[in-house]
Amino acid sequence: MAKERTYTNLIFIVGLSVLMLVMAWFGYKNIKREIELAQIKSDFVSNVSHELRTPLALINMFAETLSMGRVKTEEKRNEYYGIIQQETERLSKIVNKILSFSKLEADKWKFNFAKTDLNSLAEKVYKSYKFHLQQNGFELSFEPFIGTLEVNIDSEAVSESVINLIDNAIKYSDNVKRVVIRTGRIDEKVFIEIEDSGAGISSEDQTKIFDKFYRASNGNVHNTKGTGLGLTLVKHIVDAHKGEIKLNSKLDEGSVFRLIFPVDQIS
Ligand code: ADP
């Protein structure tokens, strides 16, 4: 009887120990996750503050200089007005990105699908971005697919994705400043892609960059301002179209982000 009781007690003690170990492991996992979340949150707040501070400081400085009448030539005045306008646009882009993200989180993002020619959409973005890129020392080219690329998409949302990709191409290209917008068709799918010859992304980071708030920190990249939300929004938009994103990138050589949409979505 004593032997049996010892045996039962032993099983009980082993069982209890295992249970405690499992609980400790879950506890550890939870605490680790909480710490990571707190870190991500504080990084995000500091990243956004940095992103907002630069344009605000520039607007303040140039507006003050203009209002004090210190700018003597018309040419200089126009240049300063241009900077104020450019920085205001940058500010509204950041705010819009955060608003889109909060819509996404609240599951309140509504898409308006309509038949759209992807070539025209790409050309529109190309034309409105050409000047901006050239001013920043970039060579921007457009290589459209020869033929029609009609597809059922939310053109505003897809344009927003393409603009996010172009913004990233600009931000992460320090040496070779070359961006290509390309459209194409493969079987029953159409695509629009943005190619750059910039920093590139390591294969390890390629799986993480679409996560919310994630920012890769290799080379100069961590010096570049950002919220870590752009690619999260792009992925959400492409998913809503039942499409896919293909990323082809090599560190220090550049990246190609291809957004692929199924044609049979056309109603
Ligand atoms: P953000 O640019 O605001 O940090 P994104 O979600 O747009 O946020 O991008 C996430 C990360 O992916 C960036 O921080 C950067 O490390 C990497 N990345 C995105 N696009 C490129 C690109 N074209 N070239 C190199 N790295 C890129």
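The values are calculated or read from the model by the stated rules, or taken from the named source; none is laboratory data. Predicted model, so just to flag it, every value in this text is computed and none were measured. Heads up, the Cβs are rebuilt from the backbone with ideal geometry, glycines too, and the neighbour counts pull from every protein chain shown.
Lys225 - would you say it is among the charged types (D, E, K, R), at pLDDT 90 or above, within 15 Å of the ligand (Cβ to nearest atom) and in a loop (DSSP other than H, G, I, E, B)?
no
Quick one: which of Ile170, Ile146 is farther than 13 Å from Val256 by Cβ and without any contact (Cβ under 8 Å) to a residue 24 or more places away in the chain?
Answer to the check: Ile146.
Select from segment 234-267 the residues that are over 22 Å from Lys171 (Cα atoms) and part of a strand (DSSP E or B) and list them in ascending order.
Glu244, Ile260, Phe261, Pro262
Look through segment 100-135, keep the residues that are hydroxyl-bearing (Ser, Thr, Tyr) and either over 30 Å from Asp174 (Cβ atoms) or in contact with a Cys (Cβ under 7 Å, 6 or more places away or on another chain) (or both), and return whichever of them is surrounded by the most Cβ atoms within 10 Å (Cβ to Cβ).
For segment 100-135, the residue satisfying everything is Thr116.
Among the residues of segment 184-205, count how many are under 27 Å from Leu104 (Cα atoms) and buried (at least 17 other Cβ atoms within 10 Å of the Cβ).
Count: 8.
Output the number of residues of segment 136-173 satisfying the condition of being polar (S, T, N, Q) and surrounded by fewer than 17 Cβ atoms within 10 Å (Cβ to Cβ).
Count: 4.
Going through Ile181, Ile186 one at a time, which residue ends up being more than 24 Å from Asp43 (Cβ to Cβ) and within 14 Å of the ligand (Cβ to nearest atom)?
Only one candidate passes the filter, namely Ile181.
Report whether or not Leu133 is under 25 Å from Leu91 (Cβ atoms) and within 9 Å of the ligand (Cβ to nearest atom).
no
Taking Lys177 as meeting all but one of (1) surrounded by 15 or more Cβ atoms within 10 Å (Cβ to Cβ); (2) among the charged types (D, E, K, R); (3) touching a residue at least 60 places away in the same chain (Cβ under 8 Å), write down the number of the exception.
(3)
Of the residues that make up segment 193-215, is at least one touching a residue at least 24 places away in the same chain (Cβ under 8 Å) and closer than 19 Å to Leu99 by Cβ?
Yes.
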